[in-house]
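Here is the structure we will look at.
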């Protein structure tokens with residue numbers, strides 16, 4: 001594709017398409033910005049982007065064409081927390097021997113000292129490069145002498161031979177932006193898909209047509225001023241899904257006198273490309289060195305489910321994930337021998353082994369929660385960053401990801417629960433929902449005796465299932481029992497007498513932890529009255545949804561189920577003066593449900609609290625009801641049991 005576009009453009013007259021220049025001059029810092037201590041539109045801001053200017057255009061010579069991206073950024077550092085903005089990163093795409101290049105990089109820090117402006121220029125020592133993923137390197141740089149009150153400024157140019165990769169532009173960050181401006185100039189035979197995201201209204205947008213010798217240029221110009229900081233809220237997928245941003249994707253080239261050249265293509269075309277790729281489809285159908293191992297693993301097995309389980313368990317237990325998310329595999333023989341690789345290495349290896357056992361498999365391309373959701377209307381492979389495997393057993397399709405040692409077969413890691421995945425298959429190409437087949441479930445049961453002093457003693461037992469069990473197992477084995485317990489008890493005033501863990505290695509079973517303990521600082525004793533909150537653990541003390549309005553969906557990832565059951569023996573000589581009233585409530589469609597009840601039988605109190613979130617995604621118009629639901633749960637769980645001496 002790069003050669004095609006280059007051939008078209010260099011056949012034109014030698015010329016360059018230029019945009020406007022930055023509205024601020026490098027080094028010309030207004031004194032009011034240097035003196036600024038608080039940003040007047042957001043007093044909580046740790047820093048503010050004073051100006052962010054970018055332009056992208058094509059430059060052409062007789063033998064070459066390049067995409068040029070220029071950027072000029074100025075930032076005011078207001079607090080210690082804002083010092084992180086002194087380090088910046090430039091993403092550089094590379095493929096084969098070609099890589100985008102940075103030139104004209106300069107960076108300066110400005111400080112006001114004794115009424116004078118002191119400038120400190122960045123040296124080469126502040127510049128370094130690191131690998132980000134298979135196709136992207138990061139050129140990072142750190143500005144010198146940055147402190148609270150500094151203004152920092154940098155500019156650079158990126159030259160690229162990947163002419164289809166017109167840069168997107170982000171207007172919103174997690175600090176406020178005073179002014180953001182972007183020009184994107186491209187020949188009118190470049191037909192782009194342009195889609196705006198986020199909830200910030202642009203200040204202006206215009207398109208100007210400029211005539212060159214051989215073609216028209218469309219100059220797209222976006223301006224956004226006084227952009228508020230993006231505030232992350234609970235249960236969001238990826239910040240990049242919701243920040244204000246313009247996305248550009250080259251769809252096709254309609255060059256005069258030539259057939260239309262499709263660039264973006266279709267999902268069907270991508271399906272074919274992946275099936276024929278050496279490091280994807282052909283790696284699965286090839287890799288015959290795996291046959292011997294597959295025969296060993298499946299010897300004596302005739303049931304397809306048992307064969308799949310044997311292969312899946314082997315890969316999960318023996319090939320370690322290096323933490324890298326990827327779409328394509330490296331050399332599978334090396335991965336198999338080294339027993340370590342990326343997500344794509346592991347899951348494509350798994351698929352190849354299943355295929356050698358004559359089990360029907362498909363691959364699923366997806367975008368993880370931290371990478372952003374996929375827009376099916378734009379068939380761009382770059383929307384994906386991960387691949388899993390599916391095996392068909394009878395009329396069931398089982399989704400498999402062998403990167404996680406603490407999840408059973410058929411359960412995807414939570415990072416994969418993000419909308420839809422694209423099925424890559426010779427016969428069943430299409431989309432599928434990546435819904436969780438498992439809840440996050442915790443059951444807490446207590447058996448306690450209350451003394452006149454307010455001390456509670458007895459047992460507290462936890463039973464974890466689904467993703468809650470996964471989190472416990474991961475933390476326990478990563479940190480060891482002693483450190484796990486230390487972290488678990490960090491916010492509790494418990495005196496542990498004995499602890500026991502069960503089923504942590506048996507991932508098909510519920511994980512359990514059991515504690516014998518004394519709790520001295522839970523009840524309030526005033527004269528002849530004891531005030532007892534029945535939740536010695538797992539109480540929801542505040543609403544996680546603090547904002548009255550929300551602009552983004554609430555995405556829990558998976559349904560949730562939290563049950564608390566408590567048996568409390570009250571001391572002799574005391575009677576119950578006040579019990580919380582029963583509570584039962586549900587959201588429309590039973591999307592969420594809560595029940596609470598406290599009963600007395602003789603000198604024994606029985607408490608049961610059950611919270612269920614029965615769907616993963618709540619849209620913005622459902623948010624007020626969800627927030628009020630949580631308000632009522634918090635209020636109910638705060639109620640006290642009142643005991644009085646007879």
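The values are calculated or read from the model by the stated rules, or taken from the named source; none is laboratory data. Since this is a predicted model, take the numbers as computed values, not measurements. Glycine gets a Cβ as well: all are built from the backbone with ideal geometry, and neighbour counts include every protein chain shown.
Results, tabulated for the structure shown:
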item	result
When residues of the stretch 215-247 are limited to those that are modelled with pLDDT under 90 and part of a strand (DSSP E or B), the one nearest to residue 58 (Cα to Cα)	217
Residue count, the stretch 145-159 (criterion: more than 14 Å from residue 75 (Cβ to Cβ) and buried (at least 23 other Cβ atoms within 10 Å of the Cβ))	1
Any hit, the stretch 98-120, residues being part of a strand (DSSP E or B), at pLDDT below 95, surrounded by 11 or more Cβ atoms within 10 Å (Cβ to Cβ) and out of contact with any strand residue (DSSP E or B) (no Cβ under 8 Å at 6 or more places or on another chain)	yes
Test set (1) within 26 Å of residue 551 (Cβ to Cβ); (2) modelled with pLDDT of 90 or more - residue 207 fails condition number	(1)
Restricting the stretch 362-388 to residues that are touching a strand residue (DSSP E or B) at 6+ places or on another chain (Cβ under 7 Å) and outside any loop (DSSP other than H, G, I, E, B), the residue that is surrounded by the fewest Cβ atoms within 10 Å (Cβ to Cβ)	362
Residue tally, condition without any contact (Cβ under 8 Å) to a residue 12 or more places away in the chain and in a helix (DSSP H, G or I), over the stretch 299-312	1
Residue that is nearest to residue 369 (Cα to Cα) [pool: residues in the stretch 313-345 that are part of a helix (DSSP H, G or I) and in contact with a strand residue (DSSP E or B) (Cβ under 6 Å, 6 or more places away or on another chain)]	343
Hits in the stretch 544-556 - residues which are out of contact with any strand residue (DSSP E or B) (no Cβ under 8 Å at 6 or more places or on another chain) and crowded, with 18+ Cβ neighbours inside 10 Å	550, 552
Positions within the stretch 588-621 being touching a helix residue (DSSP H, G or I) at 6+ places or on another chain (Cβ under 9 Å), touching a residue at least 40 places away in the same chain (Cβ under 8 Å) and either loosely packed, with under 14 Cβ neighbours inside 10 Å or not in a strand (DSSP E or B) (or both), in sequence order	614, 615
Pair list, Cβ < 6 Å and 6+ apart or interchain, from the stretch 49-78 residues that are under 14 Å from residue 26 (Cα atoms) to residues that are at pLDDT below 95	51/24; 53/22; 72/22
Residue satisfying condition, being crowded, with 24+ Cβ neighbours inside 10 Å, closer than 23 Å to residue 309 by Cβ and in contact with a helix residue (DSSP H, G or I) (Cβ under 9 Å, 6 or more places away or on another chain), within set 350, 359	350
Residues of the stretch 171-182 classified as surrounded by fewer than 21 Cβ atoms within 10 Å (Cβ to Cβ) and either assigned to a strand (DSSP E or B) or at positive phi (or both), total	2
Residues within the stretch 121-151 that are outside any strand (DSSP E or B), over 20 Å from residue 371 (Cα atoms) and either in contact (Cβ under 8 Å) with a residue 12 or more places away in the chain or in contact with a helix residue (DSSP H, G or I) (Cβ under 9 Å, 6 or more places away or on another chain) (or both), tallied	11
Scan of the stretch 403-414 for residues that are touching a strand residue (DSSP E or B) at 6+ places or on another chain (Cβ under 8 Å) and either surrounded by 21 or more Cβ atoms within 10 Å (Cβ to Cβ) or in contact (Cβ under 8 Å) with a residue 60 or more places away in the chain (or both), ordered by number	403, 404, 409, 412
